[in-house]
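Chemist: Mind having a look at this structure? Questions to follow.
The values are calculated or read from the model by the stated rules, or taken from the named source; none is laboratory data. All of these numbers come straight from a predicted model, not from anything done at the bench. Here Cβ is always computed from backbone atoms with ideal geometry, including for glycine, and neighbour counts include all displayed protein chains.
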Amino acid sequence: MADDVPKKAPVPIIININKLRNMTICNEEQEHQIAEAIRPILKKYGGVCIVCDAKSIVS
C-alpha cells in the first residue's frame, strides 16, 4: 500500500534578490567588516546598503 502513494516532487526555492532585506546589529569594529563583505554582492546585483547608528530606547 505504501508503494501506491505518489512521492512528492522537491519544492524549488526561488530567491528574488530584489526583495532581499537584512538587518544586522553589530559594534563599530564589525561594521567595517560587514560593509566590505556586502560590497561585492552590491556590485554584482545592485542595491543599497544603509548603515546607521541607532540608539535604544528602554521604558
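Chemist: Asp3 is checked against (1) modelled with pLDDT of 80 or more; (2) assigned to a helix (DSSP H, G or I) and fails just one. What number does that condition carry?
Modeler: It is condition (1) that Asp3 fails.
Chemist: List every residue pair whose Cβ atoms sit under 8 Å apart, with the two residues 6 or more apart in sequence or on different chains, where the first one lies in the stretch 27-44 and is closer than 21 Å to Ser56 by Cβ and the second, anywhere, is outside any helix (DSSP H, G or I) and not basic (Lys, Arg).
Modeler: Note: pairs meeting the criteria are Glu31/Val51; Ile34/Thr24; Ile34/Cys26.
Chemist: Looking only at residues in the stretch 15-36 that are surrounded by fewer than 10 Cβ atoms within 10 Å (Cβ to Cβ) and either charged (D, E, K, R) or not in a loop (DSSP other than H, G, I, E, B) (or both), which one is modelled with the highest pLDDT?
Modeler: Glu36
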